[in-house]
Amino acid sequence: MSTVLQAAEAVIANVEKVILGKRRQIELLVVAALCRGHVLIDDVPGTGKTMLARSFAASLGVAFRRLQCTPDLLPNDVTGVRVFDPRTAEFRFEPGPVFTSVLLADEINRATPRTQAALLEAMAERQVTVDGDTRRLPEVFLVLATQNPVEFEGTFPLPEAQLDRFLLSVAMGYPAASEEQSLVERQGLDHPVDSLEPVAEAIDWPQLCLAASQTLLSPDVGRYLVSLVSATRGHPAVELGASPRASIFLAAASRALAAVRGRDFVLPDDVKAIAGPVLSHRLVLSAQSRLRGVRSDDVIDELLTATPVGAEP
């Protein structure tokens, strides 16, 4: 796991040249990339969501595209369209922004449900079908979608089925006062992200993904993981708990997190550390719970305390 650890540390340190005080969030992006998963960044404007995506793509040395979601955005604006070329008298395919390695779907909840659904095949199957022709996406493909949790006018909330496609949900949060002061001092005429150099360009990322997936998950830790997900389905504050897909994603993310931390086996602490980002956006709370101000994170924290760990590997 030393190769995964070295690559992860290099990427995290490089992104931290731009994004200060958010090592946890950067680490989660590395975990998502190792799992070939996607990330929903849910926070208020101005907290660095776009800069996080740009600096992460620059650190990997891969192609980056930004898709600004608006109500008039069409599915073909995402996937691409066939256009007639009068020079050849034939139709040719013009790829959309989804044909990249890191796609930032900015303010995804401003796009209509029809356009949001255009991303589903790409996120789940890593391919795009237009006019009956299926085209594969790059080997490294990661969707980072952002949304503003406090603004609802003119938005279309993501349905539960699409939320379930995201491996992780991440919140940026405000920086500490000292970090914010450093940001103000560093950002003059040039932004630090413009001079960021790739540190993982020569790394075989698919091979790192394979190595992370082979991290040992013992039966004891596996039982703890499943019991934690199952407990969400019987909690009194939850109307709809996490699905079996959540268990699969939680296992994959736990393996990747253990590899990022330099181990070839998963500890219960890895499951606890990643459970919130994996499960929080998958829980549908009851109306009464929402009125009382109960949050998904509160339920997960309660279950982490109540669910017995069992034997460690």
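Things worth noting here:
- Note on ALA287 and ARG92: the model spin-label points, each 7 Å out from Cα along the C-beta direction, lie 5.6 nm apart.
- Taking max minus min of the alpha-carbon positions on each principal axis, the range 27-163 gives extents of 49, 35, 25 Å, largest first.
- Value of D in µm² per second that Stokes-Einstein yields for the range 243-291, Kirkwood Rh from Cα pairs, at 10 °C (1.306 mPa s): 134
- Across the alpha-carbon set of the chain, the Rg to Rh ratio works out to 0.98, Rh being the Kirkwood radius.
- The value for the range 105-168 of Rg(Cα) / (2.2 N^0.38 Å) is 1.19.
- Applying the criteria of a DSSP loop state and at most 16 other Cβ atoms within 10 Å to the chymotrypsin sites (Phe, Trp or Tyr not before Pro) of the range 121-181 yields PHE152.
- Fluctuation leader among THR50, THR129, THR88 - the chain, Gaussian network, Cα springs under 10 angstrom: THR88
- Ranked PHE84, PHE64, criterion: other C-beta atoms within 10 Å, fewest first: PHE84, PHE64
- Ascending count of other beta-carbon atoms within 10 Å, so fewest first, for SER296, SER227, SER55: SER227, SER296, SER55
- 0 to 90° range, to nearest 10: angle between helix 49-60 axis and the chain longest Cα axis: 80
- Once the mean of 1/r is taken over each pair of separate Cα atoms and inverted, the range 215-308 shows a Kirkwood hydrodynamic radius of 13.4 Å.
- Longest segment of the chain lacking GluC sites (Glu not before Pro) that sit in a DSSP loop with at most 15 other Cβ atoms within 10 Å: 17-138
- Angle in degrees between helix 268-279 and the longest Cα principal axis of the chain, rounded to the nearest 10: 50
Quick note: the coordinates plus some simple rules give every number you see, no bench work behind them. Bear in mind that the values here come from a model prediction, so they are computed numbers and not experimental data. When we count neighbours, we look across all protein chains shown, and the Cβ atoms used for this are built from the backbone with ideal geometry, even at glycine.
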